[in-house]
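I have placed the structure first, in the form of structure tokens, so that the comments after it can refer back to it.
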Amino acid sequence: MSTYRAFRIHEQGGGVESLPLEPPAAGEVLIRVHWSGINYKDALAVTGKGRIVRRFPLTGGVDLSGVVEASAAPEFAPGDAVLVTGCGLSEVRDGGYAEYARVPAEAVIRLSQNFSLRDVMVLGTAGFAAALAIHQLEHNGLAPGQGPVAVTGASGGVGCIAIDMLARRGHEVVAFTRKPEAAPLLRELGASEVHAFETSSRPLEVERWAGAVDNVGGEVLSTLLRATKGWGGVAAVGLAGGAELTVSLMPFLLRGVNLLGVNSAATRRDKRVLLWQRIATDLAPRHLDRIATATVGLDDLPATCAKILSGAHIGRTLVKVGA
Ligand SMILES: NC(=O)c1ccc[n+]([C@@H]2O[C@H](COP(=O)([O-])OP(=O)(O)OC[C@H]3O[C@@H](n4cnc5c(N)ncnc54)[C@H](OP(=O)(O)O)[C@@H]3O)[C@@H](O)[C@H]2O)c1
């Protein structure tokens, strides 16, 4: 094949185009892409509603899984099954919405035998961020039996996977969603309670959470911090509901609460390898087939991404790219 299909994002608009196939440069791997997925960040990039892409034009898609076609790096050989999440894809370098991708070997992770190429894209950046959030919470001292762990924006990709992983680790999980219709699925994934979130504005609330994974930000994150138990942590993953944080210092100074940052895209390679090992073993979700709720093709991306930004979807949307 001398050309391949790719979803290109321009400063104004985007769509599927045909590009010339080039061999990998030194240190790069050429991957035949099988699957990608749609993260919130992808939806912002494809619709142009957020400043994600930093050089134009660029192929979209923060994540990809596929098989090495050619390698100019000693760590990988043709036929290796691999995945990439973050690492500048769809920001400063071409991403996974294409039949082929050239990626620096440093960004490429070898697939665990426990997962198929499709499974790892049900996870994708959403699953990696959920794992990183839980890893940070555990590093802060969270252990099963300390009390409930809250997950907000629960019906989204990060939310569903975080519930599945936390329940598997033996935590009591309380899910918060704006969608009553998502409650049966969230219980199936492992939530013991499902509620709509109520924000508050008092400096401190009754201590309730041993920990929390927050995908919403704004007033929701502020309220979680005010109700977190002494020495507990809140992992700030997302800002689907707002990028501002208004909170007094009381939770930090009187209860020793910790606000834990999560940046999945720029995680160091050694930690990325470690976390993907954990995702394949002690954090492995048990309900990936229930979390994957839709599959689309490259041509469907604009309409699907607009729907995702409206917050109407549940779970993860996969993109079937090739093979
Ligand atoms: N820090 C990182 O490394 C990292 C990595 C991945 C994702 N993220 C961020 O984490 C968040 C979740 O990502 P995702 O892939 O799970 O996205 P997603 O699948 O689109 O889910 C986002 C969820 O947030 C809730 N939500 C959406 N709009 C909202 C609003 N206006 N107010 C309150 N809640 C709203 C909805 O859940 P309910 O309807 O159930 O409430 C929605 O399903 C996003 O902000 C994303 O950018 C960060």
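Laboratory data are not the source of any read-out in this text; all were calculated from the coordinates shown. Predicted model only: the values in this text are computed from it and were never measured. With ideal geometry, Cβ positions are generated from the backbone for all residues, glycine too; neighbour counts draw on all protein chains shown.
Annotations
- Ignoring aspartates and glutamates fewer than eight residues from LYS320 along the same chain, the ones with Cα atoms less than 20 angstrom from its Cα are GLU17, ASP42, ASP63, GLU69, ASP80, ASP94, GLU99, ASP119, ASP289, ASP299, ASP300.
- Only DSSP H runs of four or more residues enter the estimate; each adds -39500 (n - 2.57), and after division by the residues of the chain the mean residue ellipticity at 222 nm equals -8000 deg cm²/dmol.
- Length released on extending from ARG178 to GLU75, taking residue separation times 0.36 nm less the Cα-Cα span: 32.6 nm
- For a straight C-alpha distance cut-off of 21 angstrom, no lysines are reachable from LYS271 once same-chain residues fewer than eight places away are disregarded.
- Counting neighbouring Cβ atoms within 10 Å and putting the fewest first, the residues LEU224, LEU117 line up as LEU117, LEU224.
- Take every Cα pair under 8 Å whose residues are at least 6 apart in sequence, average their separation, divide by the length of region 157-302, and the relative contact order is 22 percent.
- This ranking places ILE161, ILE109, ILE291 by how few other beta-carbon atoms lie within 10 Å of each, fewest first, which gives ILE109, ILE291, ILE161.
- Across the chain, Cα pairs under 8 Å and at least six residues apart give a relative contact order of 19 percent.
- Residues of type lysines that LYS179 reaches as a straight line, Cα spacing below 18 Å, ignoring anything fewer than 8 places off in the same chain: LYS307
- Residue among ILE161, GLY217, ALA235 farthest towards the positive dipole end of region 125-261, charges placed on Cβ: ALA235
- Isotropic mean projected area of the C-alpha convex hull, region 125-261 (nm²): 7.0 nm²
- Translational diffusion coefficient (Stokes-Einstein; Kirkwood radius from C-alpha pairs) of the chain at 4 °C, 1.567 mPa s, in µm²/s: 65 µm²/s
- Lys/Arg +1, Asp/Glu -1 at C-beta; the chain dipole; positive extreme among SER36, ALA133, ALA150: ALA150
- Between helix 117-139 and the chain: long-axis angle, C-alpha atoms, 0 to 90°, nearest 10: 40 degrees
- For ILE9, ILE52, order by how many other beta-carbon atoms lie within 10 Å, fewest first: ILE52, ILE9
- Viscosity 0.890 mPa s, 25 °C: Kirkwood-radius Stokes-Einstein D of region 180-220 over Cα pairs, µm²/s: 197 µm²/s
- Along the chain, the exposed loop sites are GluC sites (Glu not before Pro) outside DSSP states H, G, I, E and B with at most 14 other Cβ atoms within 10 Å, and the longest stretch free of them is 76-197.
- In this simple spin-label model, placing a label point 7 Å from the Cα along the Cα-to-Cβ direction at both ALA25 and MET250 gives a separation of 5.5 nm.
- Simple Cβ-charge dipole of the chain, Lys/Arg +1 and Asp/Glu -1, about Cα centre, in debye nearest 20: 340 debye
- Between the C-alpha center of region 97-118 and that of region 200-236 there is a gap of 36 Å.
- Full extension of the chain between ALA143 and GLU205 gives 20.1 nm of extra length, using 0.36 nm per residue less the Cα-Cα distance.
- Cα-centred dipole magnitude for region 125-261, charges only on beta-carbon of K, R (+1) and D, E (-1), debye, nearest 20: 160 debye
- Length gained when the stretch ALA265-PHE56 is fully extended (0.36 nm per residue, less Cα-Cα span): 73.3 nm
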